[in-house]
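Below: one structure, written as structure tokens.
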2 protein chains.
Amino acid sequence: MAVNAAALKGFRDLLPGEMLARERIISTIRRIYERYGFVPLSTPALEHRDVLLGYGEEASKQIYLFTDPDGADVGLRFDLTAPLSRVVAEHRDLPRPFKRYQVQPVWRYDKPDPGRFREFLQFDIDTVGATSRAADAEIVAAMHDCLEALGLAFRIRYSSRNVMNALVALLGLDAGMVKPVLRIIDKLDKQGIENVKLELGPGRTDESGAVIEGLGLGDERIATIERFLAIRGETRAATIDEVRAMLGDAEGADTGVADLADIDRFLTAMGIADERVVVDPSIARGLDYYTGPVFEAVLTDAKLERFGSVMGGGRYDGLIEVFTGERTPATGASIGVDRLFSAMQTAGLIEMKPSTADVIVTVMDRKEIVRYGTIAVELRRAGFNTELYLGNQKSIGKQLKYADRQMIPVAVIAGSNEFERGEVSIKDLRVIKETTVEIEERSEWVEKKVGQVTVKQTKMVAEIRRMLSARTERRED
Amino acid sequence: MAVNAAALKGFRDLLPGEMLARERIISTIRRIYERYGFVPLSTPALEHRDVLLGYGEEASKQIYLFTDPDGADVGLRFDLTAPLSRVVAEHRDLPRPFKRYQVQPVWRYDKPDPGRFREFLQFDIDTVGATSRAADAEIVAAMHDCLEALGLAFRIRYSSRNVMNALVALLGLDAGMVKPVLRIIDKLDKQGIENVKLELGPGRTDESGAVIEGLGLGDERIATIERFLAIRGETRAATIDEVRAMLGDAEGADTGVADLADIDRFLTAMGIADERVVVDPSIARGLDYYTGPVFEAVLTDAKLERFGSVMGGGRYDGLIEVFTGERTPATGASIGVDRLFSAMQTAGLIEMKPSTADVIVTVMDRKEIVRYGTIAVELRRAGFNTELYLGNQKSIGKQLKYADRQMIPVAVIAGSNEFERGEVSIKDLRVIKETTVEIEERSEWVEKKVGQVTVKQTKMVAEIRRMLSARTERRED
């Protein structure tokens, strides 16, 4: 009786085509982060409960918590920031600054939706131990370079928590009001300005009929917030000027404006265009722990808007202190790799090729399997990824169908005739595709030898190299 | 109050030097497996309890099992074979053969020891859907190529479960005796032949005083087993001849000998030396589920022997059937990446470099941070991994000490003098190391400009390229 074989609800397998495509994305991002001097870290999947809840019990509903066989309260990591904080506290001799990247899965017990999984891959960078705004600017620049390298149309928006603090001061509100105001502003993208205004003021009733209590701010203050959120200059510098003008000498305005301006100076020196990275005072970022610049990337292609922010982060100078007991400045950003992958797939930027093999060696005569194996060895030594057909299909047509499905571009075919003459036949399987032949007719085309040449075995490697490079050129046309 | 920040017992972080070294190992192995046409797969960390225990409750003591918030019985995967079986059963449209590689952590609740962790990385290859012994031979060949590429001295030993079956038949024992006999033979490496003989016969008392019951075989049978285990020819073919001679016409001998001989023919055609892959009839492999060829790799460097088998596997034609409900032949091998890493470290084969940065741009004058940032951008565009110093140290000596610790080979230094003249100073930090200067004296050497040249900023990229390639050549001498 077979085991009921199913992945857990909200979890999924990545099959070869997806894995290979995801690997390409990861290595692109890794290359860029290393270009900036970030270095890799890996932490365990399981952590002590206390570590995971180090910055608040709020997260606990989302975390897979359990008691391990030792009786310890443990859980699966739900982000890479708590583990980083623990690492910085535990390994006291790490270099400062510690610029680390980390690409590992995290687990969150969320309602699973199409495209939303309970296990997903995060790719984080963080610079620990640097107070300089150059560190924030480099995070933004690295995000910019990644999205550009991936071929996406995007916009990075940044602001600063300090600007929000100054706004609250400008309104004459208590500093304790910053978080409630932020939480409402954070809904701007999803709920729109009218709902945000209602929540800042008298409150509202949502579609489900639930009553959302308002903050009770007066009209004038709400109008100020609305004007503030709408600030958009032609350039980063122009936006910053408007923010400066509006905040005036409100408490903390200097720091907030300096956050914006220093990052702009840096980005401008790096040649990063005003269209690609904008100052956007409406950026709130949900997390409570940010203390300075915050940033997020959205995709600007209309059909990708629904993916929302694919990358985001900010400065969190107070967080790691919870673990180390001493002030430890830090800034960083996180990419949701799976969401990015889905977006790229929607944009047609993902080539889904289920194999990296360049060549398949078909097996016409099973008794000669060792001979076919020797051909495969020769091809591998020459640097081709080569699959020796090991399946149970005897017909060459069916073996080529398998190769076709695996999108292997070249097949080697040899039978007793070829062996006698020291030859092999080499078939360009893409030519067959281009002649739009139905796969059912394959056997016929095998006979007609479309896209097929027969060469001395000594010329095999050279001929395949020619065939593969001709293909590459064609593709690049 | 700080959180008690410690990794869980039996778990560990991989810091950048270790991560980078491990990545090099993984990409070497991946390259070889792709050369053979294997394709990647990823499965979730969590699986249904039934999937994990699909081939026996025995494993349950080692598995992290718990009830998830949905109330489902789940656990962390403890190997990559159970998930593969589930994938083959769940995705019925996978190609056949399905040649997949998978490199993911697994979790086992074992007694943690130095060098033995509860989370460790496994790198598996398996070919599903191929009955041909060429599939087994390719697994062995791929293992061979991996260990060779990693620069290790090794020996791969193989045999077949069918040979063991024939031996048991030769002894006139019931087929049910195969597993008990195997389990004892499996202890040969650790316990030695005398203890194995005692356990096959009357039993023995181990060092702790515990009584181990014997199988009760008579002296003649034990002598036959001993002779069988000791078979070693000069070549694979010679060993196979001896096995054939000894098994005679015992039931199943033909199949067993054919397992050995077909793999040998293949390996010989591939040019794999008799010293590197041997036939060893004493190989048992602990797992019950093997049905044909079995193989394992040991390191032959005397100081690495304690690492035991770093790679092993075999054919398991009955296992996936538990999941699919239909006969699904499969063969594969698994690498314990962490154990391999430790062995390579012991052998001095691991270069532990904590950063991939080629250049550090030091910051003499913080007010000019944007200018230094521009230099970093230029270097990154030229293809150098470049770290802009973002730490809090103002002294160039201390910044160079940081670079030194990160093993960054080249530093760019510029102050107002250089900026005025459009120049930069470039320092080869390895030259300083070679002159065995104490780091304490660094500031002095900064002044003396050891290994340092000053060039126009327009020549900076060329000069650094020259410096780095000179270094590479020197290292290769």
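Would you mind classifying the stretch B:1-105 by shape? Square roots of the alpha carbon gyration tensor eigenvalues, ordered a ≥ b ≥ c; an a/c under 1.5 is rounded, otherwise it is prolate if a/b is larger than b/c and oblate if not. Here the stretch B:1-105 falls in the oblate category. Just so you know, the Rg over Rh for the stretch B:23-68 is 1.17, from Cα atoms, with Rh as the Kirkwood radius. Other protein chain C-beta atoms within 10 Å of residue C-beta, averaged over A:14-20: 6.
Label-point distances for B:G201 to the equivalent site in the other copies, using a point 7 angstrom along Cα→C-beta, read 9.8 nm when ranked shortest first.
Between identical copies, the spacing of B:G422 label points, each set 7 Å from Cα toward the C-beta atom, reads 6.4 nm from nearest to farthest. Using C-alpha pairs under 8 Å with a sequence gap of at least 6, the mean separation divided by the residue count of chain B gives a relative contact order of 15 percent. How about B:K401: which aspartates and glutamates have a C-alpha closer than 16 Å to its C-alpha, ignoring those fewer than 8 places off in the same chain? Result set, ordered by chain and number: A:D93, B:D358, B:E387, B:D428, B:E434, B:E438, B:E440, B:E441, B:E444, B:E447. Taking amide H positions as modeled 1.01 Å from N, with prolines and chain starts lacking one, the residues under 5 Å from A:Y101 and 5 or more places away or on another chain are A:V39, A:L41. Looking at the stretch B:1-43, the trypsin sites (Lys or Arg not before Pro) that sit in a DSSP loop and have at most 14 other Cβ atoms within 10 Å of their own Cβ are B:K9. Simple rule: put +1 on each Lys or Arg Cβ and -1 on each Asp or Glu Cβ in chain B, find the dipole, and look at B:G332, B:L14, B:L390; the Cα lying farthest toward the positive end is B:L390. When you filter the GluC sites (Glu not before Pro) in the stretch A:166-220 for DSSP loop state and at most 13 other Cβ atoms inside 10 Å of their Cβ, you are left with A:E207. Measuring from each Cβ of chain A to the axis that turns chain A onto chain B, the shortest distance belongs to A:F66, 2 (residue, then whole Å). Other protein chain C-beta atoms within 10 Å of residue C-beta, averaged over A:288-301: 0.
When peptides A:361-372, B:73-84, A:298-309, B:272-283 are sorted by average Cβ neighbour count within 10 Å, with the highest value leading, the order is B:73-84, B:272-283, A:361-372, A:298-309. Backbone N atoms of the stretch A:104-119 closer than 19 Å to the 7 Å Cα→Cβ label point of A:A6 belong to residues A:110-119.
Relative to the longest principal axis of the Cα atoms of chain A, the long axis of helix A:161-170 lies at roughly 30 degrees. The ellipsoid equivalent to the alpha-carbon distribution of chain B has semi-axes of 55, 25, 22 angstrom, derived from the gyration tensor eigenvalues as √(5λ) and listed largest first. At what distance in angstrom do the alpha carbon centres of the stretch B:45-108 and the stretch B:324-400 lie from each other? Cα centroid of the stretch B:45-108 versus Cα centroid of the stretch B:324-400: 33 Å apart. Each other copy holds its own label point for A:N392; taking that point as 7 Å from Cα along Cα to Cβ, the gaps run 6.8 nm, nearest first.
Phi angles across the stretch A:150-156 convert, under the Karplus curve 6.51 cos²θ - 1.76 cosθ + 1.60 with θ = phi - 60°, into 3J(HN,Hα) values of 7, x, 8, 7, 8, 9, 9 Hz, Gly and Pro given as x.
Relative protection proxy for A:44-51, B:460-467, from highest mean packing down: A:44-51, B:460-467 (other beta-carbon atoms within 10 angstrom). Under 5 Å between amide hydrogens, built in the peptide plane, is the criterion, and for B:G214 it picks out B:G203, B:R204 among residues at least 5 positions away or on other chains. Pairs from the list A:K61/A:K179; A:K394/A:K456; A:K449/B:K99; B:K367/B:K449; B:K111/B:K197; A:K111/A:K197 with a Cα-Cα gap above 26 Å: A:K449/B:K99; B:K111/B:K197; A:K111/A:K197. If only the Cβ of Lys and Arg carry +1 and only the Cβ of Asp and Glu carry -1, the dipole of the protein assembly as shown around its Cα centre is close to 1920 debye. Axis of helix A:133-149 versus longest Cα principal axis of chain A: the two differ by about 30°, to the nearest ten degrees. Helix A:253-269 and the long axis of chain A differ in direction by around 30°, with both axes built from C-alpha atoms.
For B:F154, the amide hydrogen comes within under 5 Å of the amide hydrogens of B:T300, counting only partners 5 or more places away or on other chains and with H modelled in the peptide plane. Placing +1 on the Cβ of every Lys and Arg and -1 on the Cβ of every Asp and Glu, with no other charges, gives the stretch B:140-288 a dipole of roughly 200 debye about its Cα centre. For the stretch A:165-215 versus the stretch B:176-219, the spacing of their alpha-carbon centroids is 75 Å. Computed from the Cβ-Cβ distance with R0 of 41 Å, the FRET efficiency linking B:R306 to B:Q393 stands at 0.40. In sequence order, the stretch B:402-414 has phi-based couplings of 4, 4, 4, 4, 7, 6, 7, x, 10, 10, 9, 10, 8 Hz under the Karplus curve 6.51 cos²θ - 1.76 cosθ + 1.60, θ = phi - 60°, and Gly or Pro positions carry x.
Along the axis of the charge dipole computed for the protein assembly as shown (Cβ charges of +1 for Lys and Arg, -1 for Asp and Glu, origin at the Cα centre), the listed residues A:G373, A:T346, B:L215 are led at the positive end by A:G373. Phi angles across the stretch B:340-354 convert, under the Karplus curve 6.51 cos²θ - 1.76 cosθ + 1.60 with θ = phi - 60°, into 3J(HN,Hα) values of 4, 4, 4, 4, 5, 5, 4, 7, x, 9, 9, 8, 9, 10, x Hz, Gly and Pro given as x.
Per-residue shielding of B:85-96, expressed as the average number of other chain Cβ atoms within 10 Å of the residue Cβ, stands at 4.
Laboratory data are not the source of any read-out in this text; all were calculated from the coordinates shown. Computed from a predicted model, the values in this text were never measured in an experiment. As a convention, Cβ positions derive from the backbone with ideal geometry for all residues, glycine included, and neighbour counts pool all protein chains shown.
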